[in-house]
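The values are calculated or read from the model by the stated rules, or taken from the named source; none is laboratory data. These numbers come from a predicted model, not from an experiment. Virtual Cβ from ideal backbone geometry, glycine too; neighbours counted across all protein chains shown. For accessibility, only protein heavy atoms count, side chains too; no ligands or nucleic acids. Shrake-Rupley method; radii C 1.70, N 1.55, O 1.52, S 1.80 Å.
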Amino acid sequence: DNNEITDKPNTIVKYYYTIEHYTENLDGESYTKVDEDIIKDVLAGTETSYTAKEDYTGFTFDDDKTENKGAKVPANNDLVIRLYYTRNSYKVTYEYEGTVPAGASNLPEEATYKYGANVTVAEEATAPGYTFSGRDKEDFTMPAEDVVIKGSFTANTDTQYKVEHYLQDLDGNSYTLKDTETLAGTTDTTATATPKQYPGFTYDSTVEGTKTEGVITGDGQL
């Protein structure tokens, strides 16, 4: 009998499994696959493991969403472990720098935006007798950090105020408005009135109601 018996060693079969990484889209519902790792040369029945990546700026790994966590390697290459990273949110706040004039617009409320969202900067502020410098940022894409948007005011130099001149009536008690001067100066600075000369009259600063100086208000009502 020429039959030969040949001993063939058993072959150890190894497999691989895939780890996929997904980041959250701006809609807050869907995810996009951004990377994958292939774990090679593992035996069937081996307990799988995974490590979240730390280089996805603006995202945080959410292990509660991991798919096939704790799975063991099957006797095929079909296992996929999916890791999900939620998109972080950051704050946008507004500030005034320097002097804040009376009557200035209220600061916009603090708002929260997701990383990568488009941020529309609030309209320019206003204040009576002042010019707003503008915001220090234009519309932007939200970075992976809180953002403070600043603006300031400059006092106008042409804010109007009035000086009224009254002449005493013949009864010696009442006064009649004779002239009104419309002048201009810098908002929130002190303006001083200059008396006029009228034939037959003498300026008297002691008369009740006389006001020789005042702060120029932004509304032009001094």
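Solvent exposure of the chain, expressed per residue, is 68 Å² of accessible area, with all protein chains present and a 1.4 angstrom probe.
Taking 7 Å steps out from each Cα toward its Cβ at E110 and D35 produces label points 3.2 nm apart. Given the choices [x] 31; [y] 66; [z] 38, percent of Cα pairs over 27 Å apart derived from the coordinates of this structure is entry [y].
Relative contact order for the range 134-194: 31 percent, from Cα pairs under 8 Å spaced at least 6 residues apart, divided by residue count. DSSP beta bridges confined to the chain are antiparallel in about 75 percent of cases. Please work out the C-alpha center-to-center distance from the range 61-112 to the range 156-219 and express it in whole Å. Cα centres, the range 61-112 to the range 156-219: 62 Å. Inter-label distance, D179 to D27: 7.5 nm, where each label sits 7 Å from its Cα along the C-beta direction. Among the protein heavy atoms, those of E124 account for about 120 Å² of accessible surface (1.4 Å probe, every chain in place). Note: relative contact order over the chain, using C-alpha pairs below 8 Å and six or more positions apart, is 14 percent. Computed from backbone phi with θ = phi - 60° and the Karplus coefficients 6.51, -1.76 and 1.60, the 3J(HN,Hα) list for the range 208-222 is 4, x, 5, 10, 9, 7, x, 7, 6, 8, x, 7, x, 9, 5 Hz; x is used for glycine and proline.
Only residues of the range 53-86 count here: report those whose backbone N is under 16 Å from the spot 7 Å along Cα→Cβ of N10, or say none. Answer for the range 53-86: 75.
In the chain, what percent of the accessible surface is made up of carbon and sulfur (1.4 Å probe, ligands and nucleic acids excluded)? C and S atoms contribute 43 percent here.
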